[in-house]
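Quick note: the coordinates plus some simple rules give every number you see, no bench work behind them. For clarity, every value in this text was computed on a predicted model and none was experimentally measured. When we count neighbours, we look across all protein chains shown, and the Cβ atoms used for this are built from the backbone with ideal geometry, even at glycine.
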Amino acid sequence: MTHDSSPGTNRLPCPRLLVAITGSVHVLVVPQHLDAFRRSFADEIRVIMTEAATHLCSPRALEAMVGSPIPSDLWSGTGPGHVELTQWADCFVVVPTTANCLAKVAQGLADDLVTTAIVAAPGPVVFAPAMNRHMWETAPVQRNIAQIRRDGHLVVEPRPALSLASGRDDEALGPATDDVLAYMWHATMRRRRDAYWQQATADAPVAPSGAEPRRTVALGSRDQPVELRSRASA
Ligand SMILES: Cc1cc2nc3c(=O)[nH]c(=O)nc-3n(C[C@H](O)[C@H](O)[C@H](O)COP(=O)(O)O)c2cc1C
């Protein structure tokens, strides 16, 4: 799923998007999400899956859509590894996210390709949970979500969804595509802002040698002030 992403030709807000799919029955809605992401958000999309997700949806079906192999095995040794994938991506979304994945992430566990990529991610990851309403309301799930948010990641609030297992519309919760897009926009803009301030810090004027370094506090944002230091003080 590649558009021309050479510098200056990006049409969409995010050059490179990494999508991880975990084993929720909402994998069946993933093609709809991917279609929206490629139309309005990302120039290039790569996808990885958990083993559970491959039981619910064949990677082959999605590979036809994204135009590249979809790895699910941490140990396969083929294709880009977990660190390479997360360094490549400008935005990383896990959709759908299972209760199991939330629990692992809250603990910092990394025992498969998806969770290892999450732990290796250099920036905030967007999680879009999907599960039965009763699972969602349990204390462990809510506790894990609170922890993941405290760790700086973004968790999309799920909406009532048709249960793809029972056919009832009062049992399941899942992410709306527009909500996922809004969170990914937010994560991407935040990343750009942080990169801007990192650059501004590196470009801060160098104090003359012997002079007391001047310290300036620049307000990067309300929640994350950035201290500009002269290189001499670094
Ligand atoms: C048919 C089916 C549908 C499932 N749907 C969900 C779901 O919507 N949300 C969820 O959290 N778990 C769901 N599960 C359970 C997960 O697949 C299970 O917890 C699995 O270990 C998740 O692994 P993963 O997080 O590595 O993908 C489902 C299981 C089955 C068999």
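Could you tell me the calculated FRET efficiency between E137 and D179, based on Cβ-Cβ distance and R0 = 30 angstrom, to the nearest 0.05?
Calculated transfer efficiency: 0.95.
Please work out the FRET efficiency for the pair A202 and V83, using the Cβ-Cβ distance as r and a Förster radius of 35 Å; give the result to the nearest 0.05.
0.90
Using the per-residue mean of other Cβ atoms lying within 10 Å as a proxy for protection, in what order, highest first, do the peptides 141-148, 100-107, 70-77 fall?
For the peptides 141-148, 100-107, 70-77, the packing ranking is 100-107, 141-148, 70-77.
Which ³J(HN,Hα) values, rounded to whole Hz and listed in residue order, are derived for the range 36-43 from phi using the Karplus coefficients 6.51, -1.76 and 1.60 in 6.51 cos²θ - 1.76 cosθ + 1.60 with θ = phi - 60°, glycine and proline given as x?
Each residue of the range 36-43 in turn: 5, 4, 6, 6, 10, 10, 10, 6 Hz.
Determine ³J(HN,Hα), in whole Hz, for all residues of the range 178-190 in sequence, where each value follows from phi through the Karplus function 6.51 cos²θ - 1.76 cosθ + 1.60 and θ = phi - 60°; x replaces Gly and Pro.
Ordered by residue, 3J(HN,Hα) equals 4, 5, 4, 4, 4, 5, 5, 4, 4, 4, 5, 5, 5 Hz.
If the chain between M189 and M65 were fully stretched, how many nm would it gain, using 0.36 nm times the residue separation less the Cα-Cα distance?
Gain on extension, M189 to M65, equals 42.0 nm.
Translational diffusion coefficient of the range 14-193 at 10 °C, 1.306 mPa s, Stokes-Einstein with Kirkwood Rh over Cα pairs, in µm²/s as a whole number.
99
Using each residue's phi in the range 117-126, evaluate 6.51 cos²θ - 1.76 cosθ + 1.60 at θ = phi - 60° and report the 3J(HN,Hα) Karplus result to the nearest Hz, with x for Gly and Pro.
5, 4, 5, 7, 4, x, x, x, 9, 9
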